[in-house]
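Structure, as structure tokens:
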Amino acid sequence: MRSDVLTGTVMAPAHSGAYGWLMLAGIGVSLVLWSRLTRRDSRMIPIYIGALAGAFLGAKLVYLAAEGWLHWHDPNRWVILATGKSITGALLGGYAGVELVKHAIGYRSPTGDWFAIIAPVSILIGRIGCVLHGCCLGRPCNESWFTVRDAAGLPRWPAAQAELIFNAVALGAALLLRRWKLLPGQHFHLYLAAYGSFRFFHEFLRATPAILGPISGYQLAALAVALLGIIGFARRRKRLGLVS
């Protein structure tokens, strides 16, 4: 068992298997939800593949840029570099993958409302894995009713639990927007703007290394996620003729 106070990474071998299974479960749930669309239009298959491939690539690249390179001299660097990934990177890469595939196959209809459900469900399941695995922890702080203890017994801010709650609320909001038929085609843009903003400020409570003053690489990625959502929302409103 290994605990790193700087990065908040606690390797918990007993739960490593559960972490991997939960990650696969997140992919499985997204595939089940997406399969409803593939029955209506076979073009949904390459779009899903583009989203999945882009998400994995983006998750790895943002992790490497944000903190992966800092572990180069760690004895376990190859394990760390192989397993490290970033949710913000997955959102950026997944969005890019979908747009590239849609452009390549000439698909013009919005697909984001489905991703507004798939993304929080997948992240929620993933954060359960983080809780079990003991990774993605918050900063050390004074013990209180809300703190959690890491594998070394140090009280920390419950970062993974906070993101789990955020995504549960986001999922509920997306389902309500869908049920009430509000802002169709904009649900994923709203999620990106909300999650990116939340993650930027929440990052100050997470135990991740700063690379630009007090700012971490994940905060820069979070700003990109929020900006992507805001720009996407504005562009779609203009395209639909709702803004002159």
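The values are calculated or read from the model by the stated rules, or taken from the named source; none is laboratory data. The structure displayed is predicted, hence computed values, not measured ones. Cβ coordinates were reconstructed from backbone atoms using ideal geometry, including for glycine residues, and neighbour counts include every protein chain displayed. Accessible surface areas use protein heavy atoms only, side chains included; no ligands, DNA or RNA. Shrake-Rupley method; radii C 1.70, N 1.55, O 1.52, S 1.80 Å.
Within the range 140-170, track down each residue that is in contact (Cβ under 8 Å) with a residue 24 or more places away in the chain, of a type outside the set (A, V, I, L, M) and open to solvent by 30 Å² or more (accessible area, probe 1.4 Å).
The first filter runs over the range 140-170 and keeps only residues in contact (Cβ under 8 Å) with a residue 24 or more places away in the chain, leaving 140, 150-152, 154, 156-157, 159-164, 166-168, 170.
This time we only want the ones that are of a type outside the set (A, V, I, L, M), so: 140, 150, 156-157, 161, 163, 166-167.
Those that are in contact (Cβ under 8 Å) with a residue 24 or more places away in the chain, of a type outside the set (A, V, I, L, M) and open to solvent by 30 Å² or more (accessible area, probe 1.4 Å): 140, 157, 161, 166.
For the range 1-59, give me each residue that is at pLDDT below 80 and of a type in the set (Ser, Thr, Tyr).
3, 7, 9, 16, 19, 38
Being within 25 Å of residue 156 (Cα to Cα) and out of contact with any helix residue (DSSP H, G or I) (no Cβ under 9 Å at 6 or more places or on another chain) is the filter here; which residues of the range 202-244 pass it?
First, the residues of the range 202-244 that are within 25 Å of residue 156 (Cα to Cα): 202-223.
Matches in the range 202-244: 213 only.
Tell me, yes or no, whether the range 87-96 has at least one residue that is in a loop (DSSP other than H, G, I, E, B), open to solvent by less than 30 Å² (accessible area, probe 1.4 Å) and among the polar types (S, T, N, Q). If you could, list the steps in order and put the result at the bottom.
So in the range 87-96, the residues in a loop (DSSP other than H, G, I, E, B) come out as none.
No, the conditions are met nowhere in the range 87-96.
If I filter the range 65-77 for residues that are open to solvent by 20 Å² or more (accessible area, probe 1.4 Å), more than 20 Å from residue 216 (Cα to Cα) and in contact (Cβ under 8 Å) with a residue 24 or more places away in the chain, do I get at least one hit?
The answer is yes, given that some residue of the range 65-77 is open to solvent by 20 Å² or more (accessible area, probe 1.4 Å), more than 20 Å from residue 216 (Cα to Cα) and in contact (Cβ under 8 Å) with a residue 24 or more places away in the chain.
Residues of the range 211-244 being part of a strand (DSSP E or B) and either modelled with pLDDT of 95 or more or of a type in the set (Phe, Trp, Tyr) (or both), which ones?
Step one: filter the range 211-244 for residues part of a strand (DSSP E or B), giving 211-212, 215-216.
Scanning the range 211-244 gives 215, 216.
It is to be established whether one or more residues within the range 78-100 are modelled with pLDDT under 85, within 21 Å of residue 189 (Cα to Cα) and of a type outside the set (Val, Ile, Thr).
No, because not a single residue in the range 78-100 is modelled with pLDDT under 85, within 21 Å of residue 189 (Cα to Cα) and of a type outside the set (Val, Ile, Thr).
Residue 208 passes all but one of (1) open to solvent by less than 40 Å² (accessible area, probe 1.4 Å); (2) touching a residue at least 40 places away in the same chain (Cβ under 8 Å); (3) in a helix (DSSP H, G or I); which number fails?
Tallying (1) open to solvent by less than 40 Å² (accessible area, probe 1.4 Å); (2) touching a residue at least 40 places away in the same chain (Cβ under 8 Å); (3) in a helix (DSSP H, G or I), residue 208 fails exactly one: (3).
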